[in-house]
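Notes to accompany the following structure.
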Amino acid sequence: MGLRVSIVLPTYNERGNIEPLLAQLLPLQQHYNLELLVVDDDSADGTAERVRELAHTEPRLRLIRRVGRSGLASAIKEGLLDATGDVALVMDSDGQHEPGAVQRAIERLVDSDLDLVIGSRFHPEAEIHGLSGRRERGSTWANASARFSLPQPYSQLSDYMSGFFALRLEPLLPLIRAVDVNGFKFLYELLAVSKGRLRTAEVPLSFQPRSYGSSKLDLAIFWDFLISILHSLSLRLLPRRAISFGLVGLSGVVVQLLVTQILMLGGLGFEQALPFAVVAAASSNYLINNALTFRFQRLQGLALLRGLLKFLLVASLPVLANVGLASAYYSFVSRDTLWAQLAGILVVFVWNYAASSRFVWNTP
């Protein structure tokens, strides 16, 4: 009973899943000094309200309700920083992680004197009942990419994307603080910032089908993973948002080149077509950045339109520089429309990233 164990349960619209899960976890108080922390991202389905009701009669249950903050990685980080246990365990709240694995993970962590134990869906002894063929293939590919980008001491691990892991809280607090909460998966980011120093092991999971609700996996999650991999491969020297902004900028290059060619085929000269193409590319960049790079500050409705006007205003000076430099290159250096436009685009990237981050999405 002496070991203090904190279980962190991030939730978003999990009312149908959270109560049965808590009922299965509470018997662990027979073995540990137990603390259950539900970190809720202001669910609209009454998840937080139900947890609050349960906490009135269960002192081991705590609710952290986050308003104006969202994201799985940041919820996990906040829960771990608020936890009071000697050992902390993180697991999903959708019922797909078996509560029976909790004790196995904690015993492996303590008995083997490890820093981190991961519940793996891809352990040789694991069973997967709740993962579609498409998601299983995607997870396999993601794990292979993660293995390539992470320090070599972690190459023996099989599930870098797991949402189930136990760790020794006090010695790992500096690393937890250093985790980038805009990252794809908290575990992957923790392994990346630890630089191969953690003593790790895995226990097999029996991954179950979801009882209620639907998966939160979407295009933005895949995008975050791509950025996380590139962030690690850059030795974490480039800001995550700058990498994302740059990739979106590449799509804007394609838009600008394509629109220029279409307008020129329609009869306009290069100098006449270029301003329209530049504005089209800037508008495309804005919409994609709003959906992906700044998705936690995503603008909607009238705010989306106001943001576009702000973005075009912020970009107006570099747009003029883009048009002016590209036109000058085309007129005085080379009649090559591709290199003329690339020269103009190169000038505007840093300005657009720094200025729009601050004035459009209000992020430093």
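The values are calculated or read from the model by the stated rules, or taken from the named source; none is laboratory data. All figures in this text were calculated on a predicted structure; none of them were measured in a lab. Because the Cβ atoms are built from the backbone with ideal geometry, glycine has one as well, and the counts that use them run over all protein chains shown.
Need the failing condition index for residue 201 against (1) touching a strand residue (DSSP E or B) at 6+ places or on another chain (Cβ under 9 Å); (2) buried (at least 19 other Cβ atoms within 10 Å of the Cβ); (3) closer than 17 Å to residue 147 by Cβ, just the number.
So the condition that residue 201 fails would be (2).
In segment 93-121, what residues are assigned to a loop (DSSP other than H, G, I, E, B) and buried (at least 21 other Cβ atoms within 10 Å of the Cβ)?
The first filter runs over segment 93-121 and keeps only residues assigned to a loop (DSSP other than H, G, I, E, B), leaving 93-99, 112-115, 121.
Scanning segment 93-121 gives 93, 94, 95, 96, 97, 121.
Those residues that are farther than 17 Å from residue 117 by Cβ and under 16 Å from the mean Cα position of the chain (by Cα), I need them from segment 178-203; list them, please. Working first, answer last.
If we filter segment 178-203 for residues that are farther than 17 Å from residue 117 by Cβ, which is where we start, we get 178-184, 189, 192-193, 195.
Residues satisfying the conditions are 178, 179, 180, 181, 182, 183, 184, 189, 192, 193.
This table checks each residue for (1) within 25 Å of residue 26 (Cβ to Cβ); (2) modelled with pLDDT of 85 or more.
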site: 83; (1), (2): yes, yes
site: 101; (1), (2): yes, yes
site: 120; (1), (2): no, yes
site: 137; (1), (2): no, no
site: 143; (1), (2): no, no
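Out of curiosity, is residue 238 surrounded by 16 or more Cβ atoms within 10 Å (Cβ to Cβ), modelled with pLDDT of 75 or more, more than 15 Å from the chain's Cα centre (by Cα) and not hydroxyl-bearing (Ser, Thr, Tyr)? Before the answer, list the steps.
On the way: surrounded by 16 or more Cβ atoms within 10 Å (Cβ to Cβ): no; modelled with pLDDT of 75 or more: yes; more than 15 Å from the chain's Cα centre (by Cα): yes; not hydroxyl-bearing (Ser, Thr, Tyr): yes.
Answer is no for this residue.
Filter segment 122-135 down to residues that are assigned to a loop (DSSP other than H, G, I, E, B) and at pLDDT below 85 and give me whichever is nearest to residue 203 (Cα to Cα).
Filtering segment 122-135 for residues assigned to a loop (DSSP other than H, G, I, E, B) gives 122-126, 129-132.
With at pLDDT below 85 added as a condition, the list becomes 126, 129-132.
On the way: 126: 8, 129: 17, 130: 18, 131: 18, 132: 22 Å.
Among those that are assigned to a loop (DSSP other than H, G, I, E, B) and at pLDDT below 85, it is 126.
Is one or more of the residues making up segment 51-69 in a helix (DSSP H, G or I), under 22 Å from residue 190 (Cα atoms) and in the same structural domain as residue 174 (by TED's automatic domain parsing)?
Initial filter on segment 51-69 (in a helix (DSSP H, G or I)): 51-55.
Filter once more, keeping what is under 22 Å from residue 190 (Cα atoms): none.
Scanning segment 51-69, I find no residue that is in a helix (DSSP H, G or I), under 22 Å from residue 190 (Cα atoms) and in the same structural domain as residue 174 (by TED's automatic domain parsing), so the answer is no.
Checking the structure you have, find out if any residue of segment 5-22 is in contact with a Phe, Trp or Tyr (Cβ under 6 Å, 6 or more places away or on another chain) and buried (at least 23 other Cβ atoms within 10 Å of the Cβ).
The first filter runs over segment 5-22 and keeps only residues in contact with a Phe, Trp or Tyr (Cβ under 6 Å, 6 or more places away or on another chain), leaving 5, 16-17.
Pick out the ones that are also buried (at least 23 other Cβ atoms within 10 Å of the Cβ) and you get 5.
Within segment 5-22, one or more residues are in contact with a Phe, Trp or Tyr (Cβ under 6 Å, 6 or more places away or on another chain) and buried (at least 23 other Cβ atoms within 10 Å of the Cβ).
Among the residues of segment 49-74, how many are within 29 Å of the chain's Cα centre (by Cα) and either at pLDDT 95 or above or of a type outside the set (A, V, I, L, M, F, W, C) (or both)?
So the answer is 15.
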